[in-house]
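No value in this document is a laboratory result; all are computed from the given coordinates. Just so it is clear, the structure is predicted and the values come from calculations on it, not from any experiment. For neighbour counting, all protein chains shown are included, and Cβ atoms are generated from backbone atoms with ideal geometry for every residue, glycine included.
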Amino acid sequence: MTAPLIDPFARTIDYLRVSVTDRCDFRCTYCMSEHMTFLPKKDLLTLEELDRLCSAFVRMGVRKLRITGGEPLVRRGIMTFFDGMSRHLGAGLDELTLTTNGSQLDRFARPLADAGVRRINVSLDTLDAAKFKEITRWGSLDKVRRGIAAAQEAGLRVKINTVALKGFNEAELFEIVDWCRAGDMDLTFIEVMPMGDMGDGTDGTLRLDQYWPLRDLRARLAERFTLTELAHRTGGPARYVRLEETGQQIGFITPLTHNFCESCNRVRLTCTGELYMCLGQEDMADLRAPMRASGDETPLEDAIRAAIARKPRGHDFDYSRQRAGGQMSRHMSHTGG
Ligand code: SAM
Ligand code: SF4
């Protein structure tokens, strides 16, 4: 172990989110255009490089790794990476986890559990098969549900992530809550962020009028349930409530609010080796060049420390201050959400 990563605001950085590919087998309308162009394969970090980078972060005090994408389970050979990372569990790393669209889980649930993964996040926005096809363009709800079942059979704890979309899944709010309770799954709602190719809806992309503030969603929940605010925080932009009538815990992720920046413990690594210190800001550090320049780990560790020293106090998701169109130019599938 080397000295832990501490940023200029005395926050310990112990959580790394890693995008292992920008590719995906879905085309969710709020995330990508149907004709998304992906990075040339040669620009991606190899699995060995991903291992080397993540291992450097673990040596430097990262205790939680979340693997994401794009769709992490479409990256060829991805189990080699998970199997490799499992050597750090209990030896610096407390948790190895992933966020997935669930499409490949029926195949991968068991090997993931064998690699030491204990909890996974599965993104699912609707329980209606036709609407699922509409929002993901290419996905099959049936397949995802089989994947979730396989995950639970393999002993993985499942959390469902649902993007709140006005006029789309608004009417399903209670159905989704009930479904998660019946299936013993945790549930978190995500407020939609204007990213990438968000358009006017004419080509099926997310429309601005689909923005459904979680404040409103929460008020709807409160019409049926007694909500108790929970104190625990994860260092991220999530808040939790308990539904007293069912005992369920529901999370709310509002990426656009600045409320939790002071406890931010995370950084994000893209599939090309760029380290983003804050989801809401464009500043990043290239780690691929220092890694490729030398087989020695010291220049890489120095580059990581220099990047953490630039982590900003908070983010800058102010619609009015962004470029015309009010959206981030970066794709969630590139930085991993
Ligand atoms: N493909 C995997 C999945 O869908 O879970 C992992 C990557 S995906 C980019 C990670 C999360 O970001 C998903 O829960 C997805 O719903 C969310 N996401 C994508 N675009 C978003 C947007 N514009 N606003 C809010 N959440 C978004
Ligand atoms: Fe793929 Fe996930 Fe983006 Fe949907 S949200 S297109 S599943 S990366």
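The figures follow:
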item	result
Extended-chain gain in nm, criterion 0.36 nm per residue less alpha-carbon gap, Arg224 and Phe38	62.6 nm
Estimated translational D of segment 15-335 in µm²/s (Stokes, Kirkwood radius over Cα pairs; 37 °C; 0.692 mPa s)	162
Within the chain, percent of DSSP bridges classed antiparallel, to nearest 5	35
Val62, Val177 arranged by Cβ crowding within 10 Å, fewest neighbours leading	Val177, Val62
Cβ-derived FRET efficiency at R0 22 Å, Ala129 paired with Asp216, nearest 0.05	0.25
Those Cys residues of the chain for which no other cysteine Cβ falls under 4.7 Å	Cys24, Cys54, Cys180, Cys261, Cys264, Cys271, Cys278
Pairwise label distance in nanometres, Arg107 with Glu95, each label 7 Å out on the Cα-Cβ vector	2.8
Charge dipole magnitude, Cβ of K and R +1, D and E -1 - the chain, Cα centre, debye nearest 20	420
Vicinal HN-Hα couplings computed from phi for segment 139-153 (Karplus, 6.51 cos²θ - 1.76 cosθ + 1.60; Hz; Gly/Pro x)	x, 10, 4, 4, 5, 5, 5, 5, x, 5, 4, 5, 5, 5, 5
Contour minus Cα-Cα distance for Glu245 and Thr46 (0.36 nm per residue)	66.8 nm
CD proxy at 222 nm, helix term only [per DSSP H run n ≥ 4: -39500 (n - 2.57); per residue of the chain; nearest 500]	-8000 deg cm²/dmol
Additional length obtainable on full extension of the chain from Ala182 to Ser86, 0.36 nm per residue less Cα span	31.4 nm
Segment 112-196: Cα Rg divided by the 2.2 N^0.38 Å rule of thumb	1.12
Pairwise label distance in nanometres, Ser263 with Arg137, each label 7 Å out on the Cα-Cβ vector	3.7
